[in-house]
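Enquirer: Here's a structure for you.
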Amino acid sequence: MPDAAPEVRRYPQRVKLSSLTTLGVGGEAELWTVENEADLAEATRKPYRVLGAGSNLLVADAGVEERVVKLGRSFNDLGSFGATPEVWLGAATPLPGLVRRAAAAGLSGLEGLLGIPAVLGGAAAMNAGTRFGELSDTLREVELFANGRLHRVSADALGLSYRRSTLPPGALITRVRLELTPSSPERVRTKLAQVDAARRGQPKTKSAGCAFKNPAGDSAGRLIDAAGLKGLQVGQARVSPEHGNFIVNLGGATAADVAALLTQIRTRVGAPLETEWELWGFDPAQVAGQELTCSV
Ligand code: FAD
Ligand code: EPU
């Protein structure tokens, strides 16, 4: 008889959020990995936050008190993604594989998302994208869990704009409907190569992508570079020498290091910079202003 598979303990578990974020910083929280509607109902009975791939998050060293709800494997539909231009996919489906599969099937519309290490739910919540295209180009509808039940909501109602949506707090996207455009693998690959070329100056070291949104008509990376801040370091957090808007974790960075670096950048650039990252566990008043320090 083969050994019984180890029990998968779905929830709750105490975890370090540093292990679930691409920047690799952040303290503990109670993680609820959900696989179905009943799990969602159970997990969302107390205050919670929704975690995608953790690629746009700065989590405080003290972690967060709320539950952290993450969609499990049953919401990852990459395996079943075929060659249909219109498709419903689970919100835990990772973008990188999806972009590749769509290209292989000769379906266009996702090329601008190349290189974004998100899952579909997080990409919809942030309207992830580049100047070559964003998720709102192909997103038509979502299924979301809110107030204890599932709803279908048209993408038009999500208020998607540059790195932003108007999802109500606590609304958890479970599935998304995308409409792609039939093209050819060659044409899609040509566009992917263009997007890839535009990303070549970005660092490979651990980060959460661009820290700040671009101000209208300018680039935060250019402003940070022009202020001479590339290479500026606090503890193990550094302004990337490759791209000024990336803060990289050299290994043991803490959220306090990163927060102090954000504050120094804002002060020294001399123009208002709004963070693109979502900040978890920080004092909201500090987040809005210049003095971003960890609350504990
Ligand atoms: P998370 O970071 O886990 O969460 C982000 C927000 O979305 C949180 O508020 C969270 O609560 C919410 N959320 C997550 N899942 C759900 C859900 N299922 N339902 C409701 N809300 C949810 N971004 C770009 O736009 N363009 C880029 O070119 C880009 N390049 C990047 C490069 C690198 C190397 C890295 C590390 C990041 C980059 N990013 C980029 C940032 C990031 O990938 C995007 O913001 C992405 O949309 C975040 O998705 P996520 O799944 O990681 O969400
Ligand atoms: N620049 C500098 N110095 C730098 C960085 C950039 O002078 O250190 C200059 C570049 O030379 C270029 C201009 O600023 O003239 C724009 O730079 P880039 O093409 O790198 O684009 P960006 O505006 O810095 C945006 C997105 C990225 C996305 C790229 C590619 C934002 C905040 N950033 O970067 O998104 O990958 O375009 O399309 O919108 C993210 O959101 O996390 C992210 C990485």
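The values are calculated or read from the model by the stated rules, or taken from the named source; none is laboratory data. It should be emphasised that the depicted structure is a prediction, and the values quoted were computed from it without experimental measurement. When we count neighbours, we look across all protein chains shown, and the Cβ atoms used for this are built from the backbone with ideal geometry, even at glycine. In case anyone asks, the SASA skips ligands and DNA or RNA and just uses the protein heavy atoms, side chains included. Shrake-Rupley method; radii C 1.70, N 1.55, O 1.52, S 1.80 Å.
Enquirer: Within segment 41-49, identify whether any single residue is closer than 24 Å to Ala253 by Cα and either open to solvent by less than 20 Å² (accessible area, probe 1.4 Å) or not β-branched (Val, Ile, Thr) (or both), and answer yes or no. First the steps, then the outcome.
Expert: Step one: list which residues in segment 41-49 are closer than 24 Å to Ala253 by Cα, which gives 49.
Of the ones still in play, those that are also either open to solvent by less than 20 Å² (accessible area, probe 1.4 Å) or not β-branched (Val, Ile, Thr) (or both) are 49.
There is at least one residue in segment 41-49 that is closer than 24 Å to Ala253 by Cα and either open to solvent by less than 20 Å² (accessible area, probe 1.4 Å) or not β-branched (Val, Ile, Thr) (or both).
Enquirer: Within the bounds of segment 184-192, is there any residue that is of a type outside the set (S, T, N, Q), within 16 Å of ligand 1 (Cβ to nearest atom) and assigned to a helix (DSSP H, G or I)?
Expert: We begin by selecting, within segment 184-192, every residue of a type outside the set (S, T, N, Q); these are 185-189, 191-192.
Narrowing further to those that are within 16 Å of ligand 1 (Cβ to nearest atom): 191-192.
Right, trim to assigned to a helix (DSSP H, G or I) and you get 191-192.
Checked against the condition, which is being of a type outside the set (S, T, N, Q), within 16 Å of ligand 1 (Cβ to nearest atom) and assigned to a helix (DSSP H, G or I), segment 184-192 yields at least one hit.
Enquirer: Which of the residues that make up segment 234-256 are open to solvent by 30 Å² or more (accessible area, probe 1.4 Å), over 24 Å from Asn127 (Cβ atoms) and not hydrophobic (A, V, I, L, M, F, W, C)?
Expert: Gly235, Gln236, Arg238, Pro241, Glu242, Gly251, Gly252, Thr254
Enquirer: Now for a separate question. Do we find that Val25 is more than 16 Å from ligand 2 (Cβ to nearest atom) and not in a loop (DSSP other than H, G, I, E, B) in this structure?
Expert: Working: more than 16 Å from ligand 2 (Cβ to nearest atom): yes; not in a loop (DSSP other than H, G, I, E, B): no.
Here the answer is no, as Val25 does not meet what is asked.
Enquirer: Can I ask one more? Any residue in segment 1-15 that is modelled with pLDDT of 95 or more, among the hydroxyl-bearing types (Ser, Thr, Tyr) and either in a strand (DSSP E or B) or surrounded by 16 or more Cβ atoms within 10 Å (Cβ to Cβ) (or both)?
Expert: no
Enquirer: Of the conditions (1) within 19 Å of the chain's Cα centre (by Cα); (2) surrounded by fewer than 19 Cβ atoms within 10 Å (Cβ to Cβ); (3) not polar (S, T, N, Q), Trp32 fails just one. Which one is it?
Expert: It fails just one condition, (2).
Enquirer: Among the residues that make up segment 103-116, is at least one of them open to solvent by 10 Å² or more (accessible area, probe 1.4 Å), within 13 Å of the chain's Cα centre (by Cα), closer than 23 Å to Arg163 by Cβ and not acidic (Asp, Glu)?
Expert: yes
Enquirer: Please pick out the residue among Gly63, Gly54 that is modelled with pLDDT of 95 or more, of a type in the set (Gly, Ala, Ser), within 12 Å of Leu17 (Cβ to Cβ) and within 16 Å of ligand 2 (Cβ to nearest atom). Walk me through how you get there before you give the answer.
Expert: Details: Gly63 fails: within 16 Å of ligand 2 (Cβ to nearest atom).
That would be Gly54, the only listed residue that is modelled with pLDDT of 95 or more, of a type in the set (Gly, Ala, Ser), within 12 Å of Leu17 (Cβ to Cβ) and within 16 Å of ligand 2 (Cβ to nearest atom).
Enquirer: Among the residues of segment 118-177, which ones are open to solvent by 30 Å² or more (accessible area, probe 1.4 Å), near ligand 1 (Cβ under 10 Å from one of its atoms), within 16 Å of the chain's Cα centre (by Cα) and over 16 Å from Val50 (Cα atoms)?
Expert: Thr130, Glu134, Tyr162, Arg163
Enquirer: Considering only residues of segment 257-272 that are modelled with pLDDT of 95 or more and in contact with a helix residue (DSSP H, G or I) (Cβ under 7 Å, 6 or more places away or on another chain), which is most open to solvent (accessible area, probe 1.4 Å)?
Expert: Selected residue: Val269.
Enquirer: What's the total number of residues in segment 63-112 that are free of Cβ contacts under 8 Å to residues at least 60 places away in the same chain and in a helix (DSSP H, G or I)?
Expert: Adding up the residues that qualify gives 11.
Enquirer: Right, next: What is the one condition in (1) closer than 30 Å to Ala259 by Cβ; (2) open to solvent by less than 50 Å² (accessible area, probe 1.4 Å) that Gly82 does not satisfy?
Expert: Answer for Gly82: the failing condition is (1).
Enquirer: Could you tell me whether segment 198-217 includes any residue that is outside any strand (DSSP E or B), more than 12 Å from ligand 1 (Cβ to nearest atom), open to solvent by less than 50 Å² (accessible area, probe 1.4 Å) and touching a strand residue (DSSP E or B) at 6+ places or on another chain (Cβ under 8 Å)?
Expert: No: zero hits.
Enquirer: Ok, one more. Say whether the condition of being more than 23 Å from Leu40 (Cβ to Cβ) and outside any strand (DSSP E or B) is met by at least one residue in segment 141-153. If you could, list the steps in order and put the result at the bottom.
Expert: Of the residues in segment 141-153, the ones more than 23 Å from Leu40 (Cβ to Cβ) are none.
No, segment 141-153 contains no residue that is more than 23 Å from Leu40 (Cβ to Cβ) and outside any strand (DSSP E or B).
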